[in-house]
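The values are calculated or read from the model by the stated rules, or taken from the named source; none is laboratory data. All values derive from a computational prediction rather than experimental measurement. Here the Cβ positions follow ideal geometry from the backbone for every residue, glycine too, while neighbour counts run over all protein chains shown.
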Amino acid sequence: MIQHPWHEASPGPNPPHEVHALVEIPSGSKAKFEVDKESGLIKLDRVLFASAHYPAHYGFIPQTLGDDKDPLDILVLCSEEVPPLCLVPARVVGVMRMIDRGEGDEKILAVASGDRSFDGIEHVSQLPNSFRAELTHFFSVYKQLEKKEVRVEEPEGPEVAKELILRALDFYKQKFPKK
């Protein structure tokens, strides 16, 4: 029997400080994969139209539900390749808010807990300026050729991110109560 990664994987060892990121899209990919809500399998949603690639590993935090009725998105920095459906323990360092086609959309920012390359990074402001600029640029342009407008706001720190995670964990429990 296939375990459903959204509903059955743990949200993490110590949410909201350290969470599990279920990777759907590896860093460097132009393919947008997502976990199918019905089956729990990974499916190809589309290949990005733009000549851009995901600047970090992209996925979601299990057992969360965002305002968009999807699991809470997370971007994880890791110095190594991470395959889709890998569960990565990640330390929350911030959040990037966006307006995507008029709707709010938050992306939690985190670093892989087991990657010593990111030891000491506790706040998004400690990430290299070049990475923060790349992240903002990617999400500003990745849907342009699809004629979809996205506005990206300045990243905020871990306290704001942790509040969003707690809210998404609670929202999930309300929507999917344990039987």
Legend entry - Identity of the residue in the range 89-100, surrounded by fewer than 22 Cβ atoms within 10 Å (Cβ to Cβ) and touching a Gly at 6+ places or on another chain (Cβ under 9 Å), that ends up modelled with the highest pLDDT: Pro89
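Table: residues versus (1) more than 17 Å from the chain's Cα centre (by Cα); (2) outside any helix (DSSP H, G or I); (3) within 25 Å of Ala31 (Cα to Cα).
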site: Glu81; (1), (2), (3): no, yes, yes
site: Ala90; (1), (2), (3): no, yes, yes
site: Arg97; (1), (2), (3): no, yes, yes
site: Glu106; (1), (2), (3): no, yes, yes
site: Ala110; (1), (2), (3): no, yes, yes
site: Gly114; (1), (2), (3): yes, yes, no
site: Ser117; (1), (2), (3): yes, no, no
site: Ser125; (1), (2), (3): yes, no, no
site: Phe131; (1), (2), (3): no, no, yes
Inset, instruction - Taking the residues in the range 1-29 that are more than 14 Å from Pro84 (Cβ to Cβ) and without any contact (Cβ under 8 Å) to a residue 40 or more places away in the chain as candidates, determine which candidate is farthest from the chain's Cα centre (by Cα). - result: Met1
Inset, instruction - For the range 77-91, enumerate the residues that are of a type outside the set (Gly, Ala, Ser) and within 16 Å of Pro13 (Cα to Cα). - result: Cys86, Leu87, Val88, Pro89, Arg91
Inset, instruction - Could you check, for the range 26-43, whether at least one of its residues is at pLDDT 95 or above, crowded, with 18+ Cβ neighbours inside 10 Å and either at positive phi or part of a loop (DSSP other than H, G, I, E, B) (or both)? - result: yes
Inset, instruction - Considering only residues that are surrounded by fewer than 24 Cβ atoms within 10 Å (Cβ to Cβ) and either small (Gly, Ala, Ser) or closer than 22 Å to Phe138 by Cα (or both), look in the range 57-76 and name the one that is modelled with the lowest pLDDT. - result: Asp68
Legend entry - Neighbours by Cβ (under 8 Å, 6+ apart or cross-chain): first from the range 151-162, surrounded by 19 or more Cβ atoms within 10 Å (Cβ to Cβ) and modelled with pLDDT under 95; second of a type in the set (A, V, I, L, M) and outside any helix (DSSP H, G or I): Val152/Met96; Val152/Met98; Pro155/Val95; Pro155/Met96; Pro155/Leu109
